[in-house]
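Undergrad: The structure follows.
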Amino acid sequence: MKQRIRGMLVVGLLLIAMSMISAQPIEEKQPIKVLVFGMFEVGENMGDFAGEFQHFYEAYFDGAESYELNSMPLTLYVNEEGVAGAIAGMGKAQAGATLTTILRDDRFDFSDTYILISGCSGMNPERGTLGDVVIADALVDYELGHAWKESDNPKDSDSLFLRSSGYDRSGYIRLNSSLVDWAFGLVQDVPLNDAKAAKEYRKLYSAEEALETPAVRRGVSVTGDSYWHGKASSEHADDVCAAYDAGTYMVTQMEDNAFGVVALNENKLDRLLVIRDVVNYDQPHPGQSVTESLDASSGAFSIGMENGFAVTNSIIEELLSDWEYYRSAF
């Protein structure tokens with residue numbers, strides 16, 4: 001009898017405990033409308049010489065909630081409007097790890113999120129100028145595939161690169177054309193800043209395009225973990241693009257294909273926008289060596305940060321202005 005009563009008491013206590021647990025309110029995930037990344041910051045997040053993230057921090061995240069996600073250290077900032085942002089880190093491995101970590105954090109709802117990459121880049125002086133901002137319509141990986149040195153090039157080969165279909169998924173990523181068309185149409189007339197030092201540096205190049213004033217353009221963004229530089233390296237980038245029938249590239253950087261692969265893995269590729277501002281030419285001017293060019297100041301870094309922010313910010317503000325429409329658009 002006593003054992004039966006004890007058993008009934010245990011069952012009763014279990015039922016009470018389970019009812020208390022089920023009565024606890026389920027914490028809703030925080031919806032994120034826009035997730036914006038810079039790759040690095042020069043110093044602090046506000047108040048000093050601005051890198052890629054500072055302008056966004058000052059506009060959206062000063063005083064916002066912050067979340068430490070892992071030991072990179074990676075801090076995710078989230079404001080009351082549903083805008084989130086972080087410094088992703090440089091290079092493909094770090095960028096991919098950062099985006100994966102954030103998208104898989106179950107405190108947040110990324111179902112409708114637009115992912116915006118805003119960072120600096122290099123450009124062939126025959127395709128644009130310092131201070132330009134480029135909306136990417138495709139991403140090409142500079143390294144994925146088979147490549148060899150010119151000294152080893154077979155006589156019957158006119159390229160130093162051979163595409164391998166096993167790398168196609170990561171090597172050539174087309175972005176959502178409807179989203180890219182919309183973004184470019186929205187920002188193509190955004191006023192861009194220029195600087196006296198950049199104007200003087202442009203004069204060292206002979207191409208007409210290099211001498212133009214900053215503008216918003218669109219085209220292919222080439223990703224390489226190596227910060228390559230020089231005319232031959234630029235030609236190799238075009239060879240890689242040609243292997244994918246991607247045309248010629250517009251900008252070069254070190255992260256975009258990693259972001260693209262993660263977005264593809266997480267079923268978010270249709271919501272990815274890549275915005276790259278041009279802070280240097282990817283090759284020397286006449287009479288300048290590669291190392292001299294790498295050491296030189298183009299005078300365009302700060303205007304690149306300002307122009308990249310101006311264009312990206314225009315996109316963010318438009319998305320927020322009519323969220324009920326944009327949450328299901330494109």
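Undergrad: What is the extension gain from Glu318 to Thr291, computed as 0.36 nm multiplied by their sequence separation minus the C-alpha to C-alpha distance, in nm to one decimal?
TA: 5.5 nm
Undergrad: How far, in nm, would the chain grow between Glu126 and Glu143 when pulled straight, counting 0.36 nm per residue and subtracting the alpha carbon separation?
TA: 3.8 nm
Undergrad: Continuing with this model, one more query. Put Thr213, Thr312 in order of accessible area, largest first, 1.4 Å probe: what do you get?
TA: The most accessible residue leads, giving Thr213, Thr312.
Undergrad: Additional query: Under 1.5 on a/c is rounded, so check that first for the stretch 189-231, then, if it is not, pick prolate when a/b is larger than b/c and oblate when it is not; a ≥ b ≥ c are the square roots of the alpha carbon gyration tensor eigenvalues.
TA: Note, shape of the stretch 189-231 comes out oblate.
Undergrad: Follow-up. Between Asp181 and Asp109, what FRET efficiency follows from the Cβ-Cβ distance if R0 is 30 Å, with the result rounded to 0.05?
TA: For R0 = 30 Å, the calculated efficiency reads 0.65.
Undergrad: Between Thr75 and Thr101, with labels modelled 7 Å along Cα→Cβ, what's the label distance in nm to one decimal, could you check?
TA: 1.4
Undergrad: How much space per residue, in cubic angstrom, does the convex hull of the C-alpha atoms of the chain take up?
TA: In the chain, the Cα hull volume divided by residue count equals 189 Å³.
Undergrad: Give me the extension gain from Glu266 to Lys29: residue separation times 0.36 nm, minus the current Cα-Cα distance, reported in nm with one decimal.
TA: Full extension from Glu266 to Lys29 adds 83.6 nm.
Undergrad: Kindly give Rg over Rh for the stretch 123-175, based on alpha-carbon atoms, with the Kirkwood expression for the hydrodynamic radius.
TA: 1.08
Undergrad: Right, here's the next one. Relative to the longest principal Cα axis of the chain, at what angle does helix 92-103 sit, 0 to 90 degrees, rounded to 10?
TA: 30
Undergrad: I've got another one for you. I need the shape label for the stretch 222-270. Rule: rounded when a/c is under 1.5, else prolate if a/b > b/c, else oblate, with a, b, c from the alpha carbon gyration tensor.
TA: Cα axes put the stretch 222-270 in the oblate bin.
Undergrad: If you rank Arg169, Arg107, Arg202 by how much accessible surface each has, with a 1.4 Å probe, what is the order from largest down?
TA: From most exposed to least exposed: Arg169, Arg107, Arg202.
Undergrad: Please give the solvent-accessible surface of His285 in Å², to the nearest 10, using a probe radius of 1.4 Å with every protein chain present.
TA: 30
Undergrad: Show that you can apply the helix-only estimate: for the chain, add -39,500 (n - 2.57) for every DSSP H stretch of four or more residues, divide by all residues, and state [θ] at 222 nm to the nearest 500.
TA: So the calculated ellipticity at 222 nm is -10000 deg cm²/dmol.
Undergrad: Within the chain, what whole-number % of the accessible surface is contributed by carbon and sulfur, with the 1.4 Å probe and all protein chains included in the calculation?
TA: 51
Undergrad: Another question, then. When only the heavy atoms of the protein chains count and the probe is 1.4 Å, how do Asp156, Asp239 rank by accessible area, highest first?
TA: Correct descending sequence by accessible area is Asp156, Asp239.
Undergrad: How large is the accessible surface of Glu150 in square angstrom, using a 1.4 angstrom probe and rounding to the nearest 10?
TA: Only protein atoms counted, so the area is about 150 Å².
Undergrad: Relative to the Cα centre, what is the charge dipole magnitude of the stretch 48-131, using +1 at the beta carbon of each Lys and Arg, -1 at the beta carbon of each Asp and Glu, and rounding to the nearest 20 debye?
TA: Roughly 480 debye for the stretch 48-131.
Undergrad: Whole number please: convex hull volume per residue of the Cα set in the stretch 201-330, in Å³?
TA: 131
Undergrad: Counting DSSP beta bridges with both partners in the chain, what percentage is antiparallel, nearest 5?
TA: 35
Undergrad: Provide the FRET efficiency to the nearest 0.05 for the Phe40-Lys155 pair, computing r from the beta carbons and using R0 = 45 Å.
TA: 0.55
Undergrad: For the stretch 72-135, what does the equivalent ellipsoid look like in terms of its semi-axes, each the square root of 5 times an eigenvalue of the Cα gyration tensor, given largest first in whole Å?
TA: 28, 15, 10
Undergrad: Lysine pairs in the chain with Cα distance under 24 Å, only those 8 or more apart or on different chains: how many are there?
TA: 9
The values are calculated or read from the model by the stated rules, or taken from the named source; none is laboratory data. Here the structure is a predicted model, which means the values were calculated and not measured. We place every Cβ from the backbone using ideal geometry, glycine too, and count neighbours over all the protein chains shown. Just the protein is used for accessible areas: all its heavy atoms, side chains included, with ligands, DNA and RNA removed. Shrake-Rupley method; radii C 1.70, N 1.55, O 1.52, S 1.80 Å.
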